[in-house]
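See below for the structure under consideration.
The values are calculated or read from the model by the stated rules, or taken from the named source; none is laboratory data. Remember, predicted model here, so these are calculated numbers, not experimental data. Neighbour counts run over all protein chains shown; Cβ positions are idealised from the backbone, glycine included.
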Amino acid sequence: MRKVLKLAQREYIASVKTKGFIIGLILAPLMMGGSLIAFALLKDRVDTTDKKFAVIDRSGVIAGYLAEAVDKRNAEEIFDKESGRKIKPAYSVEVVAPDESDPRAQRLSLSDRVRRAELHAFVDIGRDVVHPGDDPAPAHIAYYAKNAALDDLRGWIVWPINDRLRQVRLRDAGIEQEKVRDLFFWVNVDGLGLVSLDEGTGDISDAKKASEIEAILVPILMMMLMFLMIMMSVPGMLHSVMEEKTQRIAELLLGSVSPFQFMIGKVLGGIAVSLTSSAVYVTGGILAVRTMHYEHFIPYHVLPWFFAYMLLAIVMFGSYAAALGSACSEAKDAQSLTFPVLIPALFPMFVYFPVVREPASAFATVLSLIPTFTPLLMLIRQSTPEPVPSWQPAAGLAGMLALTVLFVWAGGRLFRVAILMQGTPPRLSNILRWAFKG
Amino acid sequence: MTGAIVLENVTKTFGETLAVDRLSLSVPKGSVYGFIGPNGSGKTTTLRMIMNILVPDSGEIRIFGERLRKSDTDRIGYMPEERGIYTRMKVRDLLRFYGSLKSGRNVRREVDKWLEKLDLADWGNKKLEALSKGMRQKVQFIATVVSGPEIVLLDEPFTGLDPVNTEAIKDAILGLQAGGATVIFSTHDMSVAEKMCNFIFMIFRGRKVLDGPLAAIQDQYGSDTIRMRTDGGVRALANLEGVERVNDFGQIQELRMARGCDPQNVLASVLSRTAVRSFEIVKPSLHDIFLRIAGPAGKEANHA
């Protein structure tokens with residue numbers, strides 16, 4: 001054991017005392033959460049360039065109202081009330097008379113104006129939008145722009161158009177709008193957790209309001225953190241063993257330690273590296289969240305499971321990776337094996353969304369009990385507000401433990417045979433033969 | 001001297017290849033034992049089996065009379081032929097790491113002592129990648145011996161070293177022997193083996209072909225070699241009756257005589273062709289014996 005710890009210590013120091021580790025420690029969460037952070041930082045950064053659009057109003061009742069709505073918006077919404085800074089673009093409307101003789105040519109002409117940047121977009125309002133008949137074609141409204149799918153103007157224009165349609169429909173029905181104001185009062189359904197009994201006081205506590213942060217963001221962040229820990233140590237083990245083999249360092253070490261001790265030393269070093277990184281991230285994360293007064297979102301009850309899953313995942317994937325690294329004779333072998341090594345850790349990333357949405361479904365339950373997926377998927381399920389039956393994390397952990405023992409055993413056998421074997425490519429048949437027949 | 005290492009009928013195969021074939025060997029304690037043999041003959045495999053890195057298919061290896069156990073490797077220092085080393089570590093850190101892996105005592109003091117001894121004290125805090133190839137080889141030698149092993153196995157310790165470093169390693173090996181250690185080293189340099197080794201062992205195609213003190217080995221071949229220097233050089237020695245082979249070293253030539261050949265007749269023949277400056281009847285050199293066994297003619301004979 002002393003030798004294993006010496007190897008692990010060297011491995012740990014060699015990994016941690018590098019600029020790459022420090023930079024990686026900072027950059028890795030930035031890379032993984034980069035899009036979220038960028039979205040949060042840049043969400044208020046909008047293009048404030050004024051936008052002009054044309055309207056072909058075949059109904060004859062909307063264009064005027066739309067122009068008024070645009071004027072009202074320009075007056076009330078585009079400047080920040082406190083700072084006076086322009087925060088949104090001003091819109092302007094050009095009402096174009098419909099050319100019923102050749103509507104396609106008219107649309108082409110307006111499209112060319114959009115291409116020449118004379119217009120931002122144009123809207124073609126169908127003749128029968130107020131009272132759609134059996135033929136749906138004249139009851140459509142079409143919005144033409146260079147990027148119509150993601151266009152703020154299109155999102156805004158829907159509201160004044162529908163307001164106007166409602167007005168006209170009520171008027172035509174002979175109803176005064178003031179009398180039916182409640183008709184248009186939209187009622188939301190609030191999401192709440194369950195009411196529970198406080199066993200200490202006997203009081204019935206109020207249900208907590210369900211939050212998207214708690215339901216989606218927290219589980220995803222926990223999963224990303226686990227994935228990051230696996231990524232920071234496991235591929236490194238494969239490459240470091242391959243390097244020690246190809247640079248003929250392994251033989252010198254094998255003069256002092258057994259191949260099994262060698263492999264376990266590597267894995268323990270990897271665990272120490274991951275514990276260091278995770279301690280930094282978890283502590284830093286908790287402090288940051290508490291500073292922002294969001295501590296009620298921290299899933300403290302999941303953290304012990306996180307560390308238990310992480311330890312077993314690194315031993316499981318690490319012994320597998322180190323053993324495969326011992327089968328590589330050159331760098332390109334290791335490159336081609338990196339992806340297969342990571343598949344068990346990557347797969348849960350493809351299915352996390354249905355698991356987050358329905359953590360108690362049979363799909364989520366079964367997948368999270370597969371030992372290679374447990375560290376990510378069971379963790380997601382435990383991080384959602386929906387409680388997981390207590391036997392399931394225990395069963396997941398037991399499955400991981402069993403598979404870890406198998407991987408360490410088979411990895412040790414593979415490692416013993418392969419570490420001194422030069423020039424033999426790591427074919428699947430060779431790997432299986434070395435692992436199970438020795 | 002008692003046997004520090006004893007191999008009894010040790011055999012090792014790799015797939016269809018027989019690497020070591022029923023090898024028996026007894027390495028006396030406190031000796032310097034030279035392993036010679038052509039490339040691929042089984043030297044490294046034998047050393048790896050003694051280190052317990054490879055396990056024999058059959059046969060037994062004993063260390064100081066006891067069957068080899070994994071823990072025995074702490075008593076053995078091993079320098080493999082391939083000089084792999086952690087190049088990003090500092091010299092002193094690396095040596096302490098290897099010393100501590102072997103359960104060495106006073107590792108820190110020993111590291112400093114050896115760095116001083118091999119003229120590397122100023123490089124102790126430098127990274128290995130900053131050192132020349134020769135310096136790295138000396139560091140690797142120190143890594144092998146820093147734990148104070150009772151047995152030292154060195155696979156090609158002199159390869160790639162300049163004369164100064166060769167001398168330093170040679171002195172260090174003899175110093176280890178003087179301190180009671182048993183040293184086995186493999187080499188392709190026959191003159192080094194001749195000068196340094198108490199015993200020489202030659203392996204060829206996995207089998208032992210020579211084993212014993214140099215003089216005893218040479219006695220097996222008798223005094224069948226003439227070493228001479230002539231004005232005519234090698235051209236004057238062509239087609240001499242009773243001479244099987246002429247080995248030309250440039251300034252001198254060695255002539256191997258056929259069985260029953262009279263050296264006086266050879267001398268007379270040469271004198272009739274050119275002036276002879278020196279003439280000596282000697283035992284064959286280790287180099288010559290090696291060639292007789294593993295050279296083209298020897299291979300054919302062995303193969304037959």
Quiz item: Just one of the numbered conditions (1) touching a residue at least 24 places away in the same chain (Cβ under 8 Å); (2) part of a loop (DSSP other than H, G, I, E, B); (3) not β-branched (Val, Ile, Thr) is not true of residue B:25; which one?
Solution: (2)
Self-check item: region A:340-354, residues that are within 21 Å of residue A:307 (Cα to Cα) and within 17 Å of the chain's Cα centre (by Cα)
Solution: A:345, A:346, A:347, A:348, A:349, A:352
Quiz item: Within region A:221-262, restricting attention to residues that are in contact with a Pro (Cβ under 8 Å, 6 or more places away or on another chain) and at the interface with chain B (Cβ under 8 Å from one of its Cβ atoms), which residue is surrounded by the most Cβ atoms within 10 Å (Cβ to Cβ)?
Solution: A:255
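Could you tell me whether any residue of region A:264-271 is touching an Asp or Glu at 6+ places or on another chain (Cβ under 8 Å), of a type in the set (A, V, I, L, M, F, W, C) and closer than 30 Å to residue B:48 by Cβ? Spell out the reasoning first.
Restricting attention to region A:264-271, the residues satisfying the condition of being touching an Asp or Glu at 6+ places or on another chain (Cβ under 8 Å) are A:265-266, A:268-270.
Retained after the next criterion (residues that are of a type in the set (A, V, I, L, M, F, W, C)): A:268.
Pick out the ones that are also closer than 30 Å to residue B:48 by Cβ and you get A:268.
Yes: region A:264-271 contains one or more residues that are touching an Asp or Glu at 6+ places or on another chain (Cβ under 8 Å), of a type in the set (A, V, I, L, M, F, W, C) and closer than 30 Å to residue B:48 by Cβ.
Being assigned by TED's automatic domain parsing to the domain that holds residue A:70 and either surrounded by fewer than 11 Cβ atoms within 10 Å (Cβ to Cβ) or of a type in the set (Val, Ile, Thr) (or both) narrows it down to one residue among A:136, A:132; which is it? Even if it seems obvious, please write down each step before you answer.
Numbers: A:132 fails: either surrounded by fewer than 11 Cβ atoms within 10 Å (Cβ to Cβ) or of a type in the set (Val, Ile, Thr) (or both).
Only one candidate qualifies: A:136.
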Quiz item: Among the residues of region B:1-36, which ones are among the β-branched types (Val, Ile, Thr) and farther than 13 Å from residue B:181 by Cα?
Solution: B:6, B:10, B:11, B:13, B:17, B:20, B:36
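Determine if region A:322-332 includes at least one residue that is within 14 Å of chain B (Cβ to nearest Cβ), assigned to a loop (DSSP other than H, G, I, E, B) and touching a residue at least 60 places away in the same chain (Cβ under 8 Å). If you could, list the steps in order and put the result at the bottom.
Taking region A:322-332 first, the residues within 14 Å of chain B (Cβ to nearest Cβ) are A:326, A:329.
Imposing the further condition that a residue be assigned to a loop (DSSP other than H, G, I, E, B) reduces the set to A:329.
Now drop any that are not touching a residue at least 60 places away in the same chain (Cβ under 8 Å), which leaves A:329.
Yes - at least one qualifying residue is present in region A:322-332.
Per-residue answers, yes or no, for (1) over 24 Å from residue A:275 (Cβ atoms); (2) not in a helix (DSSP H, G or I):
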residue: A:307; (1), (2): no, no
residue: A:341; (1), (2): no, no
residue: A:347; (1), (2): yes, no
residue: A:360; (1), (2): yes, yes
Self-check item: Within region B:192-304, helices (runs of 4 or more DSSP H) holding 1 or more residues that are of a type in the set (A, V, I, L, M) and surrounded by 15 or more Cβ atoms within 10 Å (Cβ to Cβ)
Solution: B:214-221, B:263-271, B:286-294
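Is it fair to say residue A:73 is buried (at least 16 other Cβ atoms within 10 Å of the Cβ), part of a loop (DSSP other than H, G, I, E, B) and in the same structural domain as residue A:159 (by TED's automatic domain parsing)?
Values: buried (at least 16 other Cβ atoms within 10 Å of the Cβ): yes; part of a loop (DSSP other than H, G, I, E, B): no; in the same structural domain as residue A:159 (by TED's automatic domain parsing): yes.
Against the criterion (buried (at least 16 other Cβ atoms within 10 Å of the Cβ), part of a loop (DSSP other than H, G, I, E, B) and in the same structural domain as residue A:159 (by TED's automatic domain parsing)), residue A:73 does not qualify.
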Self-check item: Lone qualifier among A:375, A:348 - being assigned by TED's automatic domain parsing to the domain that holds residue A:322 and in contact with a Ser or Thr (Cβ under 9 Å, 6 or more places away or on another chain)
Solution: A:348
Quiz item: For region A:172-195, does any single residue satisfy the condition of being modelled with pLDDT of 80 or more, closer than 30 Å to residue A:387 by Cα, more than 36 Å from the chain's Cα centre (by Cα) and of a type in the set (Val, Ile, Thr)?
Solution: no
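If I filter region B:38-79 down to residues being of a type in the set (Ser, Thr, Tyr) and away from chain A (no Cβ under 13 Å), which single residue comes out as farthest from residue B:8 (Cα to Cα)? Write out each step before concluding.
Step one: of region B:38-79, the residues of a type in the set (Ser, Thr, Tyr) are B:41, B:44-46, B:58, B:71, B:73, B:78.
Filter once more, keeping what is away from chain A (no Cβ under 13 Å): B:41, B:46, B:58.
Working: B:41: 18, B:46: 12, B:58: 9 Å.
Across region B:38-79, the extreme among qualifying residues is B:41.
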Quiz item: For residue A:101, which of the numbered conditions (1) modelled with pLDDT of 90 or more; (2) surrounded by 10 or more Cβ atoms within 10 Å (Cβ to Cβ) fails to hold?
Solution: (2)
